[in-house]
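Here is the structure we will look at.
The values are calculated or read from the model by the stated rules, or taken from the named source; none is laboratory data. This is a predicted model, so every value here is computed, not measured. Glycine also receives a Cβ, built like all others from the backbone with ideal geometry; neighbour counts cover every protein chain displayed.
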Amino acid sequence: MNILVTGGAGFIGSHTLIELYKAGHTAVVLDNLSNSNPEALKRVAEIIGIREIPFYKVDIRDREGLGKVFAEHRFDACIHFAGLKAVGESVEKPWEYYENNIGGTLVLVDVMRKNGCKNIIFSSSATVYGDPEEIPITENCPKGQCTNPYGWTKSMLEQVLMDIQKADPEWNVVLLRYFNPVGAHPSGRIGENPNGIPNNLMPYITQVAVGKRKELGVFGNDYNTPDGTGVRDYIHVVDLANAHVCALQAIERNCGIGIYNVGTGNGYSVLDMVKAFIRVNGVDVPYSIKPRRAGDIATCYCNPAKAKAELGWEANYGIDDMVRDSWHWQSQNPDGYPEA
Ligand code: NAD
Ligand code: UD1
């Protein structure tokens, strides 16, 4: 299939491009580079062994720009990663988050349907479950109250896309609810490249290990979990990337609406991750216990059985692979990608 990949220069998008090509698909990337670097696409092409990945520096809110891309290509489906994703920033700038993520997706979907492309895989998040009513979380678990505008953009966009599909059954809409993506391509050439101080656990750990930050703050050790620290379902980004390739099968068989948890089904605590990182990589990660972070929940991991049964997808990488590949990327690229 020929796939439009919005946000394809970003962390998950860049890894997904490799798996798409490996599976025999082709892709065109559309990204405004607001949170990414074109160097990632150069390296993706290198890994795949092609001259370049077709790329358009276009914003998903730019109807005319999108129109030009669709005039030059015929797409079988869109994998829609483009969006702003910093939870804290979304609390400070809710308008910017709703306008970019929701406004942008509305323009994208309109241009898609006008050009006869009615297949979309959307990057959703475990955050739509709020404080989940059941653990492990299945897709039947009711959606919950999000604690920030970023989360609401995901929850609302799920609804928008489902309503569009219901009104026009020619659409196929696959909502992938990612748990906690970590790791990097095993080559060490591409990986997560956060701007400023990382919000998420794994990039913080790798930046402490590489000497860019003094110590990790562990946000709370008094949760009702085995060691008191928060438990999450970390998933290797290459496994996550492959879930998109498998999701294309759902589109091929006209699934209508498909909703899938994308996680491993294993819950690891903050200290489990820190200890695995130190053990596997032989580098120290100083840490100290800090107060809980507002909005955090104790435990979040999924039951990924539906994705296995319906998409034939399951995670292959374990915790040791995740911490090894995260470190491989960070240690080879201590400052991320070079400035373009
Ligand atoms: P990322 O920031 O690395 O990638 C997103 C890409 O979208 C960036 O390259 C950015 O430049 C681009 N972009 C943003 N707004 C755009 C716009 N208006 N027009 C065009 N391009 C735009 O993030 P990621 O971690 O790769 O996440 C990809 C998707 O998955 C996002 O939608 C994110 O919300 C979602 N998601 C991520 C996580 C995570 O922990 N990384 C978890 C759940 C869901
Ligand atoms: C975060 C986002 C969520 C998003 C998810 C997937 C928040 C509040 N939520 O969730 O919307 O869908 O990422 O990427 O940011 N931790 C520390 N020290 C740190 C960083 C994190 O102890 O410096 C702990 C957290 O308290 C948590 C765990 O590590 O228990 C994972 O945190 P993080 O990587 O930020 O992911 P989530 O909070 O699960």
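Of all residues in segment 46-96, which are assigned to a helix (DSSP H, G or I), more than 16 Å from ligand 2 (Cβ to nearest atom) and closer than 18 Å to Lys154 by Cβ? Within segment 46-96, Trp95, Glu96 qualify. The residues on offer are Ile190, Ile120, and the sole one that is assigned to a strand (DSSP E or B), within 15 Å of ligand 1 (Cβ to nearest atom) and surrounded by 20 or more Cβ atoms within 10 Å (Cβ to Cβ) is Ile120. Here Tyr204 clears all of (1) in contact with a Leu (Cβ under 9 Å, 6 or more places away or on another chain); (2) in a loop (DSSP other than H, G, I, E, B) except the condition numbered (2).
Just to be sure before I move on: is Val218 farther than 27 Å from Ala307 by Cβ, in contact with a strand residue (DSSP E or B) (Cβ under 8 Å, 6 or more places away or on another chain) and either modelled with pLDDT of 95 or more or more than 16 Å from ligand 1 (Cβ to nearest atom) (or both) in the structure I sent? Yes.
Let's see how each residue does on (1) modelled with pLDDT of 95 or more; (2) of a type in the set (Lys, Arg); (3) surrounded by fewer than 19 Cβ atoms within 10 Å (Cβ to Cβ); (4) over 17 Å from the mean Cα position of the chain (by Cα):
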residue: Asn242; (1), (2), (3), (4): yes, no, no, no
residue: Gln249; (1), (2), (3), (4): no, no, yes, yes
residue: Asn254; (1), (2), (3), (4): yes, no, yes, yes
residue: Asn266; (1), (2), (3), (4): yes, no, no, yes
residue: Ala294; (1), (2), (3), (4): no, no, yes, yes
residue: Ala309; (1), (2), (3), (4): yes, no, yes, yes
residue: Gly312; (1), (2), (3), (4): yes, no, yes, yes
residue: Ser331; (1), (2), (3), (4): yes, no, yes, yes
residue: Ala340; (1), (2), (3), (4): no, no, yes, yes
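Within the bounds of segment 174-185, is there any residue that is out of contact with any helix residue (DSSP H, G or I) (no Cβ under 7 Å at 6 or more places or on another chain), closer than 29 Å to Glu310 by Cα and either touching a residue at least 40 places away in the same chain (Cβ under 8 Å) or outside any helix (DSSP H, G or I) (or both)? Yes: one or more hits. Does segment 5-60 hold any residues that are acidic (Asp, Glu), surrounded by 17 or more Cβ atoms within 10 Å (Cβ to Cβ), over 11 Å from Ile190 (Cβ atoms) and more than 18 Å from the chain's Cα centre (by Cα), and which are they? Within segment 5-60, just Asp59 meets the criteria. If you go through segment 314-325 and keep only what is surrounded by 18 or more Cβ atoms within 10 Å (Cβ to Cβ), assigned to a loop (DSSP other than H, G, I, E, B) and not hydroxyl-bearing (Ser, Thr, Tyr), you end up with just Ala315.
The residues of segment 246-304 that are part of a loop (DSSP other than H, G, I, E, B) and within 12 Å of ligand 2 (Cβ to nearest atom), listed by number, are Gly263, Gly267, Val285, Pro291, Arg292, Arg293, Ala294, Gly295, Asp296, Ile297, Ala298, Tyr301. Residues that are closer than 17 Å to Phe81 by Cβ and of a type in the set (Lys, Arg) within segment 141-164 comprise just one, Lys154. Can you confirm whether Val107 is under 29 Å from Leu66 (Cβ atoms), over 20 Å from the mean Cα position of the chain (by Cα) and within 12 Å of ligand 1 (Cβ to nearest atom)? Against the criterion (under 29 Å from Leu66 (Cβ atoms), over 20 Å from the mean Cα position of the chain (by Cα) and within 12 Å of ligand 1 (Cβ to nearest atom)), Val107 qualifies.
Please verify whether segment 127-142 includes one or more residues that are part of a loop (DSSP other than H, G, I, E, B), within 16 Å of ligand 2 (Cβ to nearest atom), in contact (Cβ under 8 Å) with a residue 12 or more places away in the chain and buried (at least 21 other Cβ atoms within 10 Å of the Cβ). Looking through segment 127-142, none of the residues is part of a loop (DSSP other than H, G, I, E, B), within 16 Å of ligand 2 (Cβ to nearest atom), in contact (Cβ under 8 Å) with a residue 12 or more places away in the chain and buried (at least 21 other Cβ atoms within 10 Å of the Cβ).
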